[in-house]
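> Here's a structure for you.
FYI, it's all coordinate maths here, none of it is from the lab. This one's a predicted model, so the numbers in the text were calculated from it and none came from an experiment. Don't worry about glycine lacking a Cβ; one is built from the backbone with ideal geometry, like all the others, and counts go over all protein chains shown.
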Amino acid sequence: MAERWLVALDVDGTVLHEDGSLDEEIVRAVGEARDRGHEVTLATGRSWATTQPVLERLGIEPAFVVCANGALTLGLGDDGAYERVHVEVFDPTAVLERIRGHLPNGKFMVELPDGFRLYTAGMQDWNLDDAREVPFAELLGVDATRVVVISPDHEIEEFLGLVEGMGLHQVSYAIGWTAWLDIAPDGVSKATALERVRDRLGIPSELVLVAGDGRNDLEMLHWAGSTGRAVAMGQAPAEVRAAATEVAGTVGEAGLAPVLDTLP
């Protein structure tokens, strides 16, 4: 039998299209990689509530799943249910107040350790299951695994410059395709969580393959690419493609499938 690889896949823009649809070619390639003995999992900025349905659509039950950009790792229990095995939290008060000073019209969401989310008015484009609208003040002083900030008034390039000038320290952050900011506890990323998973599974670092398309995948790509395979999707921003060791086709072309088919 071929050696087992750890295969960690971003969700949006890598596995799923922007509209949430999933190519059958991806389902096939993921299933066949799993059937060849590889550990295929997801590493996403999504909450667990919105990640679990993707696992079901792919037909996989990995030993561990990484959510909230690395702040939350779930493990598959003996009873077949997932449980939180590692949670990173921080007090978002200072960073929220700083950002609001720069983005008075920003929309905010805070994810709590149990997956419940608190959000301010204007987040209607997001999945708001297991969530509650609150005044901005109620976002402060809580234990958070993740903070999302949306600025509908800015184009992405303008937003990038604005965020660089905010002086965000003691947190990890990534900027999405549109003008939204994803914030995690300091030093936490998909890479830190996946290194913990890799160690728990006993898989050598040279037998790691990751695939992603966003700026929140940069650390993951650098981590995997140092010894293994780091795949950027074809539509990824230039800086993300530059961080990878190989570039796949676009998500619109089901570009992930040929990559997975190269695994032994």
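> Which log10 I(q)/I(0) values, to two decimals, does the stretch 30-187 give at q = 0.08, 0.14, 0.18, 0.20 Å⁻¹ under the Debye formula with one point per Cα?
Values returned for q = 0.08, 0.14, 0.18, 0.20 Å⁻¹ are -0.25, -0.72, -1.08, -1.26.
> I need the shape label for the stretch 93-185. Rule: rounded when a/c is under 1.5, else prolate if a/b > b/c, else oblate, with a, b, c from the alpha carbon gyration tensor.
Numbers: a/c = 1.65, a/b = 1.33, b/c = 1.25.
In terms of gyration-tensor shape, prolate.
> Tell me which trypsin sites (Lys or Arg not before Pro) from the stretch 9-54 have a DSSP coil assignment and no more than 16 other beta carbons within 10 Å of their own.
Here the sparse-neighbourhood loop sites are R36.
> Let a ≥ b ≥ c be the square roots of the eigenvalues of the Cα gyration tensor of the stretch 116-264; is it rounded (a/c under 1.5), or, if not, prolate (a/b larger than b/c) or oblate? Display every interim value, and only then the final one.
Details: a/c = 1.96, a/b = 1.60, b/c = 1.23.
Because a/c hits 1.5 or more and a/b exceeds b/c, the stretch 116-264 counts as prolate.
> In terms of the ratio Rg/(2.2 N^0.38 Å) built on C-alpha atoms, what value belongs to the stretch 7-110?
On the way: Rg = 16.4 Å, N = 104, 2.2 N^0.38 = 12.8 Å.
So the Cα radius of gyration is 1.28 times the expected 2.2 N^0.38 Å.
> Evaluate the charge dipole of the stretch 93-185 about its Cα centre and quote only its size in Debye, nearest 20, assuming +1 on the Cβ of each Lys and Arg and -1 on the Cβ of each Asp and Glu. Walk me through the intermediate numbers first.
Numbers: 6 positive and 15 negative charges, 46 e Å.
In total the dipole reaches around 220 debye.
> Right, next: Per q in 0.14, 0.17, 0.22, 0.24 Å⁻¹, report the Debye log10 I(q)/I(0) for the stretch 47-99, using one uniform scatterer on each alpha carbon and no solvent.
Reported log10 I(q)/I(0), two decimals: -0.45, -0.59, -0.82, -0.93.
> Separate question: For R4, what charge total do you get from the other residues with a beta carbon under 13 Å from its beta carbon, if Lys and Arg give +1 and Asp and Glu give -1? Write out the running numbers ahead of the final one.
Numbers: positive: R34, R36, R198; negative: E3, D35, E39, E206.
Counting the neighbours of R4, the net charge comes to -1.
> Let me have the 222 nm mean residue ellipticity of the chain computed from DSSP H runs of 4+ only, each contributing -39500 (n - 2.57), with the sum over all residues rounded to the nearest 500.
On the way: 8 runs with 74 residues, N = 264.
Mean residue ellipticity at 222 nm (helix-derived): -8000 deg cm²/dmol.
> From the P(r) of the chain, could you give the percentage of C-alpha pairs in the tail past 27 Å? Kindly include the intermediate steps, with their values, before the conclusion.
Working: 11836 of 34716 pairs.
Roughly 34 percent, rounded to a whole number.
> Sticking with this structure for a sec: Within the chain, what's the longest run with no GluC sites (Glu not before Pro) in a DSSP loop and at most 14 other beta-carbon atoms within 10 Å? Give the range, please. Could you put the intermediate results ahead of the total?
Numbers: sites that count: E3, E18, E155.
Here the longest run is 19-154.
> Shifting gears a bit: If we count every other residue with Cβ under 13 angstrom of E138's Cβ, Lys/Arg +1 and Asp/Glu -1, where does the sum land? Provide the component values of the computation, followed by the final result.
Values: positive: R117, R132; negative: E133.
That sum, taken over residues with Cβ under 13 Å, equals +1.
> What distance in nm separates the simple spin-label points at E246 and E155, each placed 7 Å from Cα in the Cβ direction?
3.6
> Taking the stretch 186-264, how much of its Cα-Cα pair set, in percent, is spaced more than 16 angstrom apart? Before the final figure, lay out each step's value.
Details: 1492 of 3081 pairs.
In whole percent, the long-distance tail amounts to 48.
> Still on this structure, I have one more. What is the spread of the Cα atoms of the stretch 222-264 along each of their three principal axes, largest first, in whole Å?
29, 26, 10
> While we're on this one: Any idea what the dipole of the chain comes to, in debye rounded to 20, about its Cα centre with Lys/Arg Cβ at +1 and Asp/Glu Cβ at -1? Kindly include the intermediate steps, with their values, before the conclusion.
Values: 20 positive and 44 negative charges, 89 e Å.
About 420 debye.
> Additional query: Sum up the charges of everything whose Cβ sits under 11 Å from the Cβ of G115, counting Lys and Arg as +1 and Asp and Glu as -1, but leave G115 out.
Details: positive: R46, R84, R117, R146; negative: E111, D114, D129, D130.
Once positives and negatives cancel, what remains is 0.
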